[in-house]
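First the structure, in the form of structure tokens, and then the observations on it.
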Amino acid sequence: MNELFIFFVGSFVSLFSIVDPLLAVPVFVSLTEKFSPEKRVEIASQASWYVFWVLVVFFIAGGLILRFFGISLEGLRIAGGLMIIGSAVEMLEKKSKLLPKEQEESESKDDIAFSPLAMPILSGPGAIAVMIGMTTDAKSWMHYPVILIVVILVSVLSYVFLRLAHIISSRMGEATMNSFNRIMGFLLLCIGVQYIVNGVMPLLKTAFHG
């Protein structure tokens, strides 16, 4: 049970840090200003469901994708670590997850739940890489329900943050939100580096002792 709890905590921190629904709050607020409160709740709910299903798809098919393309576990960890580090650097530098052109296009759309909210803001390439990494790190069947619980928790928290986005934005203020995102960015940076270490070490052992 202790090992499962450690796996749960590590998986939750990894996935929640990369999804980071707080970072989506200002984007959600700016894109939903023209909508009614009821419509905002609907968009938040839809976006959270999309996040859940995107993560579940790669939870189920992650291993098949690796085998189909002949990608090694070490290669996935290194590539995933680089993507996570890239996301972490953007968070530390307070960069938006949307480019100005993407922001402008999104503001003119009526349906923003899947794009850009669910993808790429919440469940983007970094989250997908973490998801596949978690499934490949599972050492027994008992780890899979734990991963599914983590996905559910992160999806529910995404809904809570989006549902309360306007309140969070007005109460926390930009400085507090930036501070929180910097903390999450640092955690994400550590996770990305560890992913790369976990990918490189087996290759080095094979090279020197193989």
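Filter the range 127-169 down to the residues that are among the hydroxyl-bearing types (Ser, Thr, Tyr) and at pLDDT below 95, then identify the one that is surrounded by the fewest Cβ atoms within 10 Å (Cβ to Cβ). Only one residue tops the list, namely Ser140. Filtering Leu164, Leu148, Leu122 for residues that are more than 20 Å from Leu76 (Cα to Cα) and within 14 Å of the chain's Cα centre (by Cα) leaves a single hit, Leu122.
Of all residues in the range 142-167, those that are under 21 Å from Leu31 (Cβ atoms) and in contact (Cβ under 8 Å) with a residue 60 or more places away in the chain have Cβ atoms under 9 Å from Cβ atoms of residues that are basic (Lys, Arg) and assigned to a helix (DSSP H, G or I), 6 or more apart or on another chain, in Leu162/Arg40; Arg163/Arg40; Ala165/Arg40; His166/Arg40. Within the range 89-112, does at least one residue satisfy the condition of being more than 18 Å from the chain's Cα centre (by Cα), farther than 24 Å from Met201 by Cα and at pLDDT 85 or above? No, the range 89-112 contains no residue that is more than 18 Å from the chain's Cα centre (by Cα), farther than 24 Å from Met201 by Cα and at pLDDT 85 or above.
How about the range 43-76: which of its residues are surrounded by fewer than 17 Cβ atoms within 10 Å (Cβ to Cβ) and of a type in the set (S, T, N, Q)? Selection gives Ser45, Ser72.
Considering Phe52, Phe59, Phe16, Phe35, which residue is in a loop (DSSP other than H, G, I, E, B), under 23 Å from Ser115 (Cβ atoms), modelled with pLDDT of 85 or more and not charged (D, E, K, R)? Talk me through it step by step, then tell me what you get.
Values: Phe52 fails: in a loop (DSSP other than H, G, I, E, B); Phe59 fails: in a loop (DSSP other than H, G, I, E, B); Phe16 fails: in a loop (DSSP other than H, G, I, E, B).
Of the residues listed, the single one that is in a loop (DSSP other than H, G, I, E, B), under 23 Å from Ser115 (Cβ atoms), modelled with pLDDT of 85 or more and not charged (D, E, K, R) is Phe35.
The values are calculated or read from the model by the stated rules, or taken from the named source; none is laboratory data. Every value quoted in this text rests on a predicted model; they were computed, and no experiment measured them. Glycine gets a Cβ as well: all are built from the backbone with ideal geometry, and neighbour counts include every protein chain shown.
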